[in-house]
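For reference, the structure discussed in these notes is given below.
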Amino acid sequence: MVSDPTPRWYDCRVGIVSPGFQGRPRSAEPALPPGQYLTEDFPVLSAGPTPRVPLDTWEFVVSAEGGAEYRWSWNELMGLPQEAPTVDLHCVTRWSKLGTNWQGVSLDTLLEGIDTAARYALVHSYGGYTTNLPLDDLRGGRAWVAHGYDGGPLPAEHGGPARLLVPHLYLWKSAKWVRGIRLLVDDKPGFWETAGYHDYGDPWREQRYQGD
Amino acid sequence: MTDMSYLDGNMLDGPLRELFAVDLSGATGRCESCGTVGPMAGLHVFSHAPGLIGRCPACSEVMLRLVRAPDRAWLDLRGSTYLQVPLPMDQPYPRPL
């Protein structure tokens with residue numbers, strides 16, 4: 001077969017940086033999930049135009065399976081206990097960025113006191129994006145509504161005013177411009193999960209596509 | 001739209017040629033959301049993403065999603081009512097009964 005040198009739009013995800021065979025691995029090297037390469041910059045990925053959400057109309061809504069809604073304004077969010085997680089990011093397009101510093105509110109704080117028997121969550125964003133994950137993955141100190149990055153406000157291109165941050169899953173689960181979460185009894189796949197991507201998306205098990 | 005981070009729909013020609021024998025570059029699509037009819041080339045395509053997203057130039061709703069894995073591809077057209085594909089007059093075709 002003659003190889004086609006024409007650049008394709010998905011080339012960015014077939015090039016895997018390999019350290020090569022230069023002796024045994026050094027333990028000081030950062031551990032990356034399979035198929036990922038390290039990047040120092042912060043690539044901007046987006047499925048659409050960047051929404052601009054004024055803080056005075058911004059709100060975050062959790063709706064329980066029975067219809068009850070729990071709302072936070074921007075000021076109410078700022079009034080909740082704040083955390084400053086340092087986490088590694090793994091994007092399904094194969095870049096990883098380590099040791100990123102965020103400020104935000106733990107989902108444990110937001111979900112506290114919400115009476116639900118739901119097992120699934122459908123996250124939705126300003127601009128229409130959605131993504132799904134098990135509700136348990138939003139608990140246990142593993143997920144935040146993040147509004148700060150590296151000591152400043154979260155820039156709009158990275159999801160500001162606020163985005164979901166669920167760093168133990170591929171980054172498409174960390175919905176930018178987050179607006180709310182629907183708690184669901186049955187799993188409902190989101191924007192990428194209905195178009196071939198994996199329902200769960202664990203980078204350490206390389207769950208990129210359906211069936212992986 | 002607040003940014004110019006999208007490409008025009010002409011860039012879809014190559015990726016779609018992998019899936020279809022027919023050339024879709026001259027096709028016309030109808031937006032399921034707002035009803036706008038226009039050429040594929042007029043879509044706003046967001047490519048800095050896990051897949052290609054083609055949005056209606058009028059209402060910016062998603063009309064097309066194309067995801068490419070190494071061994072598979074997914075095409076999601078739920079945001080498009082139809083694709084109208086130009087075909088040559090002299091080509092035999094099945095007539096409605």
Checklist entry - Taking only DSSP H segments of four or more residues, each worth -39500 (n - 2.57), what value at 222 nm results for chain B once the sum is divided by all its residues, to the nearest 500 deg cm²/dmol? => result -1000 deg cm²/dmol
Item to check | Lys, Arg +1 and Asp, Glu -1 on Cβ, resulting dipole of chain A about Cα centre, debye, nearest 20 | outcome: 440 debye
Next on the checklist: Please compute, for peptide A:43-54, the average count of beta-carbon atoms on other protein chains lying within 10 Å of each residue's beta-carbon.
Outcome noted: 5
Item to check | Equivalent ellipsoid semi-axes - Cα gyration tensor, segment A:101-212, angstrom | outcome: 21, 17, 13
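Once fully extended, how much extra length lies between A:MET78 and A:ALA156, figured as 0.36 nm per residue of separation less the alpha-carbon to alpha-carbon distance?
Length difference between fully extended and current span is 26.3 nm.
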Checklist outcome for this item: Restricting to aspartates and glutamates and to Cα separations under 15 Å from A:LYS97, and discarding same-chain partners fewer than 8 apart, the set is A:GLU29, A:GLU40, A:ASP41, A:ASP88, A:ASP150
Next on the checklist: If you average the C-alpha positions of segment A:46-67 and of segment A:141-204 separately, how far apart do those two centres end up, in angstrom?
Outcome noted: 12 Å
Checklist entry - Pick from A:GLN103, A:GLN36, A:GLN82: which residue has the top mean-square fluctuation in a GNM of chain A where Cα pairs under 10 Å get a spring? => result A:GLN82
Checklist entry - Along its principal axes, what span do the Cα atoms of the protein assembly as shown show, with the longest given first and each in whole Å? => result 71, 58, 35
Checklist outcome for this item: Taking Cα pairs closer than 8 Å and at least 6 residues apart, the relative contact order of chain A in percent is 22 percent
Next on the checklist: Charges at C-beta only: +1 for Lys and Arg, -1 for Asp and Glu. How large is the resulting dipole of segment B:8-62 about its Cα centre, in Debye rounded to 20?
Outcome noted: 80 debye
Checklist entry - On average, how many beta carbons from a partner chain sit within 10 Å of the beta carbon of a residue in B:46-56? => result 6
Checklist entry - Could you list log10 I(q)/I(0) for chain B at q = 0.12, 0.17 Å⁻¹, which the Debye formula gives when each Cα is one point scatterer? => result -0.40, -0.76
Checklist entry - Ordered by packing density, taken as the mean number of other Cβ atoms within 10 Å over each peptide's residues, highest first, how do A:194-205, A:173-184, A:53-64 rank? => result A:173-184, A:194-205, A:53-64
Item to check | Helix-only mean residue ellipticity at 222 nm for chain A, each DSSP H run of n ≥ 4 adding -39500 (n - 2.57), per residue, nearest 500 | outcome: -1000 deg cm²/dmol
Checklist entry - For the residues B:TYR6, A:TYR70, what sequence is obtained by ranking on other C-beta atoms within 10 Å, fewest first? => result A:TYR70, B:TYR6
Item to check | Cα-centred dipole magnitude for chain B, charges only on beta-carbon of K, R (+1) and D, E (-1), debye, nearest 20 | outcome: 220 debye
Checklist entry - Who wins for biggest fluctuation among B:VAL22, B:VAL37, B:VAL62 in a Gaussian network model of chain B, springs between alpha carbons below 10 Å? => result B:VAL22
Checklist outcome for this item: Lys and Arg at +1, Asp and Glu at -1: neighbours of A:LYS97 with Cβ under 9 Å from its Cβ sum to -3
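Taken together, the values in this text are just the output of simple stated rules run on the coordinates, not laboratory data. Bear in mind the structure is a predicted one, so any value in this text is a computation, not a measurement. A quick note on method: Cβ atoms are made from the backbone with ideal geometry, for glycine too, and the neighbour counts reach across all protein chains shown.
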